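Data first, discussion second: the structure below is written as structure tokens.
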Amino acid sequence: MAKFAKILIMIVRLVAVVSIILGALLAAGKAQAVLGAHIGLGFMVALVVLMLAILAFVKKKTVLGILGVVFAILLPVTGLRQIPLQTGGGIDIEQVAHIIVVLLTLGIAESIHAAIRKSEL
Ligand code: HEM
């Protein structure tokens, strides 16, 4: 299972880097055209985190599993709350919420991977 978890966390890391770059372009108001790609990749991250959460439950890491499920849901919720995109400058509360949820989701995904790897050493 550790091998599968490793593949999942590598997908999360790779897709997250691209999503953060696209998200930064969106927030800068420079590239509305990448919105679809950002949302598509975002849902992919949410889905893979959900798969990691299931692995956490199988490994009896219940708290991490619950956190994984909750944040896999909060990620698209905070993302979609930003639509319609604001046209003015500055950063609003919905954006800050999305960034915080993004960072916590990535942290939880890393924690689940670490816990599974440790349990199989
Ligand atoms: C289903 C999941 C997601 C949806 C629906 C979504 C949606 C959005 C939307 C609509 C924006 C534009 C905000 C604006 O122009 O002001 C945005 C911004 C952003 N997103 Fe996402 N996103 C998702 C997942 C992710 C993921 C997985 C990451 C990174 C790993 C990410 C990182 C960012 C960043 C850094 C920004 C710019 C800051 C901000 O405006 O909050 N998003 N997202």
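Every residue, every condition in (1) modelled with pLDDT of 95 or more; (2) closer than 17 Å to Leu104 by Cα, yes or no:
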site	(1), (2)
Lys30	no, no
Ile39	yes, no
Val49	yes, yes
Leu52	yes, yes
Val58	yes, no
Gly68	yes, yes
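Can you go through Glu110, Glu94 and tell me which one is at negative phi, of a type in the set (Asp, Glu) and more than 8 Å from the ligand (Cβ to nearest atom)?
On the way: Glu94 fails: more than 8 Å from the ligand (Cβ to nearest atom).
Just one listed residue meets the conditions, Glu110.
Does segment 55-63 contain at least one residue that is more than 7 Å from the ligand (Cβ to nearest atom), of a type in the set (Phe, Trp, Tyr) and under 20 Å from Ile7 (Cα atoms)?
Filtering segment 55-63 for residues more than 7 Å from the ligand (Cβ to nearest atom) gives 55-63.
Those left that are additionally of a type in the set (Phe, Trp, Tyr): 57.
This time we only want the ones that are under 20 Å from Ile7 (Cα atoms), so: 57.
Within segment 55-63, one or more residues are more than 7 Å from the ligand (Cβ to nearest atom), of a type in the set (Phe, Trp, Tyr) and under 20 Å from Ile7 (Cα atoms).
Ala2 meets the conditions (1) within 24 Å of Val69 (Cβ to Cβ); (2) at pLDDT 95 or above; (3) surrounded by 14 or more Cβ atoms within 10 Å (Cβ to Cβ) in every case but one. The failed one is (2).
Remark: pairs (first residue in segment 77-88, under 13 Å from Leu35 (Cβ atoms); second residue modelled with pLDDT under 80 and of a type in the set (Gly, Ala, Ser); Cβ separation under 6 Å; 6+ apart in sequence or on different chains) are absent. Residues in segment 84-117 that are at pLDDT below 95 and either crowded, with 16+ Cβ neighbours inside 10 Å or more than 12 Å from Ala27 (Cα to Cα) (or both): Pro84, Ile93, Gln95. Among residues that are among the small types (Gly, Ala, Ser), near the ligand (Cβ under 7 Å from one of its atoms) and closer than 19 Å to Arg13 by Cβ, Ala72 is not included.
The values are calculated or read from the model by the stated rules, or taken from the named source; none is laboratory data. Not measured: the values here are computed from a predicted model. Using ideal geometry, Cβ is built from the backbone for each residue, glycine included, and neighbour counts are taken over all protein chains shown.
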